[in-house]
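The values are calculated or read from the model by the stated rules, or taken from the named source; none is laboratory data. The shown structure was predicted, so the numbers you read here are calculated from the model rather than taken from an experiment. Here the Cβ is made from the backbone with ideal geometry for all residues, glycine too, and neighbour counts use every protein chain on show.
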Amino acid sequence: MAPQEVSQLSGLPKLLGKEQVAAGTTAFHFEKPPGFDFKPGQSADVTLFNPPERDAEGNTRTFSVASAPFEDKLMFATRMRDTAFKRSLTRMPPGTGVKIDSALGSFTLHKNSAKPGVFLAGGIGITPFLSILRQANHDRAPHKVILFYCNHRPEDAAFLEDLQRLATSNANFRFVGTMTKMANAKKKWDGETGRINKEMLSRYMSDLHGPIYYIAGPPAMVTGIREMLVAARIDEDDIRTEEFPGY
C-alpha cells in the first residue's frame, strides 16, 4: 500500500468491536467521525478498503444507523448472509478503518407529536426504529409510539431486551413483539404469535386511522403490510416504508 493511502486510512473511523445481538445477526461498533450528524432513522453508506473478498456488488453497502445521535459511537447491525462483503466485514479486526458517508434518508419520526406513530418491523428492519426510540427516550419526546416487532423466534429478535427496557422506562412507548415459528424456539415466549395483521393491530389500537405508520423489514413483508394498511383504508400519505434487502 502506498504511503499516501496509509495516511488516508489512518484518518478513517475505526471498528471498535462487534457483538452477536441475535441468531445470525451482528452489531458493529465504530468511531463516530468528527462532525457526523444524522437524524434517528437515517442510513449511511459504509465502504471497506482492500477487503479480502470482492463481488460484483462492490465494497459499499447501505446500513441504517442503529445507534442514536446523542451517543458517542456509531452502531450498524446486519443479518450475516453468506456474501463477500459480509464475510469481509466479519473478518475485519478492531482498529480497521472504513469510510462512512454522510447520513441520508427521510425515514424519520414526524414532527407533529399530536399524531401517534405506529412502527411495524420485521427482523433486521428494527435498526432505524431502535435509533428513533433511543433518541426519543433520551429527549423525553412527547410522541405516543407503539412498535410491533415480528421475528421467527425470540432468538432471532435483535435488541429484544433493549426494546423491552425502553417500554418500561418510557411511558409514551408500547412494545408488542410477535413470533411466527415458536415450534423451533428454545427460548420461552409468552407474547403474541403470528404475522402482523389488521386483527393484531386492532387488539392494541382503538382506532387504526390517524397515526403515521412506518414499515421496515424484508421487501415482501413491507409490501404485504402496506397492502394490508391500504385495504384497511389507511391514508397512503400516512404510510412510510424502508426495505431491507438481504445483501
Would you say Leu104 is modelled with pLDDT of 95 or more and within 27 Å of Glu192 (Cβ to Cβ)?
no
Taking segment 1-41 and the residues there that are at pLDDT below 95 and of a type in the set (S, T, N, Q), the one that is surrounded by the most Cβ atoms within 10 Å (Cβ to Cβ) would be Gln8
Hey, could you check segment 65-87 for residues that are part of a strand (DSSP E or B) and closer than 20 Å to Glu242 by Cβ and say which is modelled with the lowest pLDDT?
Arg79
Quick count over segment 108-136, residues being surrounded by fewer than 21 Cβ atoms within 10 Å (Cβ to Cβ), touching a Lys or Arg at 6+ places or on another chain (Cβ under 6 Å) and not polar (S, T, N, Q), is 1
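Pick from Ile212, Ile239: which is buried (at least 17 other Cβ atoms within 10 Å of the Cβ) and either of a type in the set (Gly, Ala, Ser) or out of contact with any Asp or Glu (no Cβ under 7 Å at 6 or more places or on another chain) (or both)? Quick ask: steps written out before the conclusion?
On the way: Ile212 fails: either of a type in the set (Gly, Ala, Ser) or out of contact with any Asp or Glu (no Cβ under 7 Å at 6 or more places or on another chain) (or both).
Selected residue: Ile239, the only one of Ile212, Ile239 that is buried (at least 17 other Cβ atoms within 10 Å of the Cβ) and either of a type in the set (Gly, Ala, Ser) or out of contact with any Asp or Glu (no Cβ under 7 Å at 6 or more places or on another chain) (or both).
Which of the following residues is among the β-branched types (Val, Ile, Thr), without any contact (Cβ under 8 Å) to a residue 60 or more places away in the chain and not in a loop (DSSP other than H, G, I, E, B): Thr90, Thr62? Explain how you work it out, then say what you get.
Working: Thr90 fails: without any contact (Cβ under 8 Å) to a residue 60 or more places away in the chain.
Exactly one of Thr90, Thr62 is among the β-branched types (Val, Ile, Thr), without any contact (Cβ under 8 Å) to a residue 60 or more places away in the chain and not in a loop (DSSP other than H, G, I, E, B), namely Thr62.
Where residues in segment 93-141 are charged (D, E, K, R) and assigned to a helix (DSSP H, G or I), which of them is nearest to Asp45 (Cα to Cα)? Before the answer, list the steps.
Initially, segment 93-141 is screened for residues charged (D, E, K, R), giving 99, 101, 111, 115, 134, 139-140.
Still in the list and also assigned to a helix (DSSP H, G or I): 134, 139.
Values: Arg134: 22, Asp139: 27 Å.
Per the criteria, the residue is Arg134.
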Pick from Arg91, Arg140, Arg153: which is at pLDDT below 95, of a type outside the set (S, T, N, Q) and surrounded by fewer than 21 Cβ atoms within 10 Å (Cβ to Cβ)?
Arg91
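Which members of segment 184-200 meet the condition of being in a strand (DSSP E or B) and either exposed (fewer than 14 other Cβ atoms within 10 Å of the Cβ) or among the polar types (S, T, N, Q) (or both)? Walk me through how you get there before you give the answer.
Taking segment 184-200 first, the residues in a strand (DSSP E or B) are 192-193.
Within segment 184-200, Thr193 is the sole residue that qualifies.
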